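Input: a single structure, listed below in structure tokens.
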Amino acid sequence: MVDKALGGAGLRGQVAGQTALCTVGKTGSGLTYYGYDIAELAEKVTFEEVAYLLAHGELPNASQLADYKARLKGMRGLPSALKDVLERIPADAHPMDVMRTGCSMLGNLEPELSFADADKAIERMIAVFPSILLYWYRFSHDGVRIETETDDDSVGAHFLHLLHDKAPSELHTAVMNTSLILYAEHEFNASTFTARVCASTLSDIHSCVTGAIGSLRGPLHGGANEAAMELIEGLQSPEHAEETLMEMLARKDKIMGFGHAIYRESDPRNNIIKAWSEKLAAEYGDTRLYDVSVRCEEVMWREKKLFPNADFFHASAYHFMGIPTKLFTPIFVMSRVTGWTAHVKEQRANNRIIRPSAEYTGPEARPVPALADR
Ligand SMILES: CC(=O)SCCNC(=O)CCNC(=O)[C@H](O)C(C)(C)COP(=O)(O)OP(=O)(O)OC[C@H]1O[C@@H](n2cnc3c(N)ncnc32)[C@H](O)[C@@H]1OP(=O)(O)O
Ligand SMILES: O=C([O-])CC(=O)C(=O)O
């Protein structure tokens, strides 16, 4: 089935499989995980509850949640062979490459030997991804070998603690919690589809996630939050934002953090992270990045009817929490691993190898000329 309004390139509008996990843009702008609206999840639950929901199809009760969090807490340590590998990755490597390598190495050290091990492997990845990222980051940038086994209550707090060497404030913990919920799952986006294609060959879960990390890295997908930061940090005032964007649009430049393949009017994640960014700006005491972002939003809607996607206000929000720009997309990995792996399990449960057909556009059939005749 092809949705004519969207056009067919990039498989746009084509139904490529079924999922019970998530709806994207079903009512024009909505987003639900297993039927729960994203705004309600962001307001009422923790990222760990969402991670559990995606893994098991239902929100946990109190004792399931306590057990789940205790298991995650107990899985934050890094095997020494993984530390060795991380220590060899240079400081100027892209952190998404570090995540890709870290995930792949974990798959060597702790392979998923049977699909029955999937849940354990998934929990391990959720727990250890912040450790992988920040062990490398702190070793290569600060020359310290950090202890990754903290007592923090959540994945978001664990991440901020390892980054800043101190337990985060309540505000920052809450923002990380929301951010991880917003990024957790999004139907058949490019990285998730990568994971599902890999899963459809009956490959192991670390291969699925490693491939997905590679797809998320690009600036048209997860990499847009870093690209958005590069744009807004150069904008000195709302007036400067207006001028710069008008010039960029005249040159037909792409403005990263705007537009979406499925949503047509708005991304339901935007208002949620935008509100947190505004709060963080006030706490930070310098609202420039928030103010210029708001002007970018106004200009893009006025000129192109394009709206900020999940990535745009994440840039200022992360910056206000002291997170270096190059760590933005890896945070997306720390969250989306929950969605990717839920899709891997769903694919496995009802699998047929994903193998579409191509429309041939090459030359007519022809004989191979001898080497001397070419
Ligand atoms: C969490 C996420 O992954 S969200 C996506 C993050 N990515 C970005 O923010 C990158 C910037 N945005 C984009 O490149 C695109 O909007 C995508 C990749 C997200 C979606 O791509 P598509 O589905 O092809 O976009 P769509 O069909 O809506 O584009 C319509 C028109 O708007 C233009 N357009 C879309 N986004 C933008 C943008 N950010 N800046 C300028 N123009 C844009 C397209 O070039 C296209 O113009 P054309 O018809 O003259 O070629
Ligand atoms: O759905 C998409 O194409 C991209 C996106 O917003 C996401 O993966 O969160």
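The values are calculated or read from the model by the stated rules, or taken from the named source; none is laboratory data. Since we're looking at a predicted model, the values are computed, not measured. Neighbour counts run over all protein chains shown; Cβ positions are idealised from the backbone, glycine included. We work out accessible area using only protein heavy atoms, side chains counted, and drop any ligands, DNA or RNA first. Shrake-Rupley method; radii C 1.70, N 1.55, O 1.52, S 1.80 Å.
Between residue 40 and residue 116, the modelled labels are 3.7 nm apart [label points 7 Å from Cα along Cα→Cβ].
The heavy atoms of residue 279 offer some 110 square angstrom of accessible surface to a 1.4 angstrom probe. Full extension of the chain segment joining residue 151 with residue 348 gains 67.5 nm, where the gain is 0.36 nm per residue of separation less the Cα-Cα distance. Here region 224-321 is assigned +1 on the Cβ of each Lys and Arg and -1 on the Cβ of each Asp and Glu. Its dipole about the Cα centre then comes out at about 400 debye. With springs only between Cα atoms under 10 Å apart, run a GNM on the chain and tell me which of 317, 349, 227 wobbles the most. Result for the chain, Cα springs under 10 Å: 349 fluctuates most.
Take the Cα of residue 236, step 7 Å toward its Cβ, do the same at residue 164, and the gap between the two points is 3.0 nm.
Against the criterion of solvent-accessible heavy-atom surface with a 1.4 angstrom probe, 33, 137 sort, most first, into 137, 33. Per-residue accessible area (protein heavy atoms, 1.4 Å probe) orders 276, 340 as 276, 340, starting from the largest.
For the chain, a Gaussian network of Cα nodes joined below 10 Å ranks 303, 230, 364 by mean-square fluctuation, and the top entry is 364.
Length available on full extension from residue 359 to residue 371: 0.36 nm per residue minus the Cα-Cα distance, which gives 1.4 nm.
Dipole orientation for region 96-142: of the candidates 139, 127, 106, 139 has the Cα lying most toward the positive pole (charges on Cβ; Lys, Arg +1; Asp, Glu -1). Sorting 158, 319 by accessible area puts them as 319, 158; the probe is 1.4 Å, largest comes first, and only protein heavy atoms count.
If I require 24 Å or longer along the helix axis, counting alpha carbons, and a Kyte-Doolittle average no lower than -1.0, what helices from the chain are left? Use full DSSP H segments. Please report the intermediate quantities before stating the final value.
Values: long enough: 118-142 (34 Å, 0.20); 328-349 (32 Å, -0.03).
Membrane-span-like by this rule: 118-142, 328-349.
In a simple Cβ point-charge model (Lys, Arg +1; Asp, Glu -1; nothing else charged), the chain has a dipole of about 1120 debye relative to its Cα centre.
Diagonalising the gyration tensor over the Cα atoms of region 224-321 and scaling each eigenvalue by 5 before taking the square root yields semi-axes of 20, 16, 11 Å, largest first.
Here the simple spin-label model places points 7 Å from the Cα toward Cβ, and for residue 88 and residue 220 these points are separated by 3.4 nm. Can you send over the carbon and sulfur percentage of the accessible area for the chain, probe radius 1.4 Å, protein chains only? Carbon plus sulfur share of accessible area: 52 percent.
For a quick check of understanding: with a 1.4 angstrom probe and all protein chains in place, what accessible area in square angstrom does residue 178 have, to the nearest ten? Approximately 0 Å² for this residue. Of the options 246, 290, 271, report the single residue whose Cα projects farthest towards the positive end of the charge dipole of region 224-321 (beta-carbon charges: Lys, Arg +1; Asp, Glu -1). Value: 271.
Using a simple charge model, +1 on the beta-carbon of Lys and Arg, -1 on the beta-carbon of Asp and Glu, nothing else, what dipole does region 252-374 show about its Cα centre, in debye to the nearest 20?
So the magnitude is around 420 debye.
Select from 164, 194, 74 the residue farthest towards the positive end of the dipole of region 51-200; place +1 on Cβ of Lys and Arg, -1 on Cβ of Asp and Glu, and compute about the Cα centre. The one lying farthest along the dipole's positive direction is 194. Quick one: of 73/345; 83/274; 26/69, which pairs are farther than 27 Å apart, Cα to Cα? Exceeds cut-off: 83/274; 26/69. Heavy-atom accessible area for residue 255, with the other protein chains in place and a 1.4 Å probe, reaches approximately 10 Å². Quarter the surface of the alpha carbon convex hull of region 56-143 and you get the mean projected area, 6.6 square nanometres. Panel note: the C-alpha atoms of region 143-278, placed on their principal axes, show extents of 48, 43, 33 Å (largest first). For the chain, 22, 103, 296 have no disulfide-compatible partner, since no other Cys C-beta lies under 4.7 Å from theirs. Kindly identify the chain as rounded, prolate or oblate by the Cα gyration tensor criterion: order the square roots of the eigenvalues as a ≥ b ≥ c, call it rounded if a/c is under 1.5, otherwise compare a/b with b/c, prolate if a/b is larger, else oblate. Rounded, because the longest to shortest axis ratio a/c is under 1.5. With a Förster radius of 41 Å applied to the C-beta separation of residue 23 and residue 251, the computed FRET efficiency comes to 0.70.
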